[in-house]
1. Positive end of the dipole of the chain, charges at C-beta (+1 Lys, Arg; -1 Asp, Glu), about the Cα centre: which of 144, 162, 37 has its Cα farthest in that direction?
2. Might you report the magnitude of the Cβ-based charge dipole of region 15-119 about its Cα centre, with Lys and Arg at +1 and Asp and Glu at -1, to the nearest 20 debye?
3. Would you mind getting me the FRET efficiency between residue 24 and residue 110? Use the beta-carbon distance for r and R0 = 22 Å, nearest 0.05.
4. Taking 0.36 nm per residue of sequence separation and subtracting the Cα-Cα distance, how much length would be gained by fully extending the chain between residue 47 and residue 60, in nm to one decimal?
5. Would you mind classifying region 1-129 by shape? Square roots of the alpha carbon gyration tensor eigenvalues, ordered a ≥ b ≥ c; an a/c under 1.5 is rounded, otherwise it is prolate if a/b is larger than b/c and oblate if not.
6. Considering only protein heavy atoms and a probe of 1.4 Å, how much of the accessible area of the chain is carbon and sulfur, as a whole percent?
7. Which of rounded, prolate or oblate describes region 86-178 when judged by the alpha-carbon gyration tensor and an a/c cut-off of 1.5?
8. What ranking do 181-190, 84-93 get when scored by the average of other Cβ atoms within 10 Å per residue, highest first?
Amino acid sequence: MDIVYDKIAFFRNALPNPKEWLDKVELIEDDLISAWIPWQSNPNDGTTPYVYGDRKHLLLKDSESNKESAALVKQVIDAMVNCAEQYAKEYSINIPIDLGSACVLNKYKENEVMGQHADWNEHQDMLEYSFVVYINEDYEGGELYFKDLDVTITPEAGSIALFPAKLPYSHGSNQLISGRKVFIPHFWRNVKS
């Protein structure tokens, strides 16, 4: 675990064999790993949704009929849990590691950018920490950028960035200049009883 800035951690090689993992996930469409669908904004004002690229939904559950899919989803969730355990130890965090049972695999299209934002808000107040799992690195641009902190993380295949979901950890993705960026954004939740 590299501490890039206070509470911003970067874990290299957290997901073993990310290319092999992606090659398998690309081919699967079942009840645990969806087909690729458009990844788009959901505007409340009736305007046309903005399409960032494509996404697959990944569901963590045991499945006798889809053992390979279950193992692939578990592999990425386990990588995040491992990072969260190290992070919790480093920062003396005493909330349970709750990652939920589903995540999304996103593919940015060229020239896309994600503006600065904090993942926590009044509608998402259970989000404590944010993960970004980088699956590939064969693209140009797309760095994780914390503008207010002047911190930039260059993605590496199989790496995971982990940081607080609240301000001042507002972050975004620099413009993807070429290639396809494949990643999983995810969250460590503080589920209130």
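The values are calculated or read from the model by the stated rules, or taken from the named source; none is laboratory data. Owing to the predicted nature of the structure, the values given are computational and were not obtained by experimental measurement. No Cβ is skipped: glycine too gets one built from the backbone with ideal geometry, and neighbour counts run over all protein chains shown. What goes into the accessible areas is simple: the full protein's heavy atoms, side chains included, and nothing from ligands, DNA or RNA. Shrake-Rupley method; radii C 1.70, N 1.55, O 1.52, S 1.80 Å.
1. The one lying farthest along the dipole's positive direction is 162.
2. On the way: 10 positive and 18 negative charges, 22 e Å.
Computed charge dipole of region 15-119: roughly 100 debye.
3. Details: r = 24 Å, r/R0 = 1.11.
Efficiency computed from Cβ-Cβ geometry: 0.35.
4. Values: separation 13, 0.36 × 13 = 4.68 nm, distance 3.32 nm.
Taking 0.36 nm per residue and subtracting the Cα distance, the gain is 1.4 nm.
5. Working: a/c = 1.61, a/b = 1.08, b/c = 1.49.
Since a/c reaches 1.5 but b/c is at least a/b, the shape of region 1-129 is classed as oblate.
6. Values: 4810 of 9990 Å².
For the chain, the apolar C and S fraction of the accessible surface comes to 48 percent.
7. On the way: a/c = 1.71, a/b = 1.53, b/c = 1.12.
Cα axes put region 86-178 in the prolate bin.
8. Details: 181-190: 21.3, 84-93: 14.5.
Per-residue mean Cβ counts within 10 Å order the peptides as 181-190, 84-93.
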